[in-house]
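Working notes for the structure below.
The values are calculated or read from the model by the stated rules, or taken from the named source; none is laboratory data. Just so it is clear, the structure is predicted and the values come from calculations on it, not from any experiment. We place every Cβ from the backbone using ideal geometry, glycine too, and count neighbours over all the protein chains shown.
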Amino acid sequence: MKNLRQNYKQGELTENLISDDPFTQFNSWFTDALNSKILEPNVMILSSLNDDKPDSRIVLLKGVRQEEFVFFTNYESNKGQQLKDNPNCTLLFPWVDLERQVIIRGEASVISSNESEEYFKSRPKSSQIGAWASNQSSPIKSRAELDNQLKDIEQKFDSEPLIKPPHWGGFAVSPYQIEFWQGRPNRLHDRILYTQENRSWVISRLQP
């Protein structure tokens, strides 16, 4: 491990290259990630707090609207309960192949049931059933038990309309900081930080 090194040379992030608006900048970088054909460019690492202990996992970005980042989950899962208890969180986009990352620091809130319902209907049927079949984060004795839960749900919705579970829906993260990181040679990376102050965004450069 000690000898694993990579000298980043793909790009730069200077003040004359960035947008005044962090969401415009994010959309530009997200488009680059899409065009690069990297695996699941909407993967982000969500970190929340379990009391005073940090907890992290991968989730998928499903939308950026009204200056908020939206994802969906089981509200009764560990992350769902943690965000309800303490909405402070971070989102990290690890676009390693592009030598880039974006860190979003903000607060999460539950989105409307109507918006969650609309997205749920757009999901593949197998994913809809999966949302019902798993009591996310709860212990289970075996994979076989989980498979049996899935079979029971499949049979249930053979004869009933497939609706959104009441415990499933979206969170929207409203940021107060967005940091863009671009790898540079000699570990002297570019770090541009947008901080919200008085309803506007202030731009600063951080030392690497």
**Report entry** In segment 100-114, the residues that are touching a residue at least 12 places away in the same chain (Cβ under 8 Å) and either within 30 Å of Arg184 (Cβ to Cβ) or surrounded by fewer than 17 Cβ atoms within 10 Å (Cβ to Cβ) (or both)
**Finding:** Arg100, Gln101, Val102, Ile103, Ile104, Arg105, Gly106, Glu107, Ser109, Val110, Ser113
Query raised in the report: Name the pairs whose Cβ atoms lie under 7 Å apart, with the first residue in segment 49-71 and closer than 20 Å to Ser116 by Cα and at pLDDT 95 or above, the second β-branched (Val, Ile, Thr) and part of a loop (DSSP other than H, G, I, E, B), and 6 or more positions between them or separate chains?
Result: Val70/Ile111
Query - Scope segment 190-208; condition of a type in the set (Ser, Thr, Tyr) and without any contact (Cβ under 8 Å) to a residue 24 or more places away in the chain; matching residues - result: Thr195, Ser200, Ser204
Query raised in the report: What residue, of Phe180, Phe171, is outside any helix (DSSP H, G or I), under 26 Å from Ser116 (Cβ atoms) and aromatic (Phe, Trp, Tyr)?
Result: Phe171
Query raised in the report: Restricting attention to segment 177-199, which residues are of a type in the set (Asp, Glu) and in contact with a Lys or Arg (Cβ under 9 Å, 6 or more places away or on another chain)?
Result: Glu179, Asp190
Report task. Provide a single number: the residues in segment 151-188 that are of a type in the set (Gly, Ala, Ser), buried (at least 19 other Cβ atoms within 10 Å of the Cβ) and either at pLDDT below 95 or touching a helix residue (DSSP H, G or I) at 6+ places or on another chain (Cβ under 6 Å) (or both). Result -> 2
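Looking only at residues in segment 77-99 that are of a type in the set (Asp, Glu) and loosely packed, with under 15 Cβ neighbours inside 10 Å, which one is nearest to Gly11 (Cα to Cα)?
So the first thing to find is which residues in segment 77-99 are of a type in the set (Asp, Glu), and the list is 85, 97, 99.
Next cut, loosely packed, with under 15 Cβ neighbours inside 10 Å only: 85, 97.
On the way: Asp85: 40, Asp97: 12 Å.
Filtering segment 77-99 for residues that are of a type in the set (Asp, Glu) and loosely packed, with under 15 Cβ neighbours inside 10 Å, the one nearest to Gly11 (Cα to Cα) comes out as Asp97.
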Query raised in the report: Is segment 17-24 home to any residue that is in contact (Cβ under 8 Å) with a residue 12 or more places away in the chain, among the small types (Gly, Ala, Ser) and surrounded by 13 or more Cβ atoms within 10 Å (Cβ to Cβ)?
Result: no
Query raised in the report: Is there any pair with a first residue in segment 124-141 that is under 14 Å from Glu154 (Cα atoms) and loosely packed, with under 11 Cβ neighbours inside 10 Å and a second that is of a type outside the set (Asp, Glu) and modelled with pLDDT under 90 whose Cβ atoms are under 7 Å apart and which are 6 or more apart or on different chains, and what are they?
Result: none
Query - Checklist (1) assigned to a strand (DSSP E or B); (2) over 18 Å from the mean Cα position of the chain (by Cα); (3) among the hydroxyl-bearing types (Ser, Thr, Tyr) applied to Ser109, failing item - result: (2)
Query raised in the report: Arg191 versus (1) modelled with pLDDT of 95 or more; (2) among the basic types (Lys, Arg); (3) under 16 Å from Glu12 (Cβ atoms); (4) surrounded by fewer than 15 Cβ atoms within 10 Å (Cβ to Cβ): which is the lone unmet condition?
Result: (4)
Query raised in the report: Checking Ala172 against (1) out of contact with any Asp or Glu (no Cβ under 9 Å at 6 or more places or on another chain); (2) within 23 Å of Leu92 (Cα to Cα), which single condition isn't satisfied?
Result: (1)
**Report entry** Residue list for segment 62-117, restricted to those being among the basic types (Lys, Arg) and in contact with a Phe, Trp or Tyr (Cβ under 9 Å, 6 or more places away or on another chain)
**Finding:** Lys62, Lys79, Lys84, Arg100, Arg105
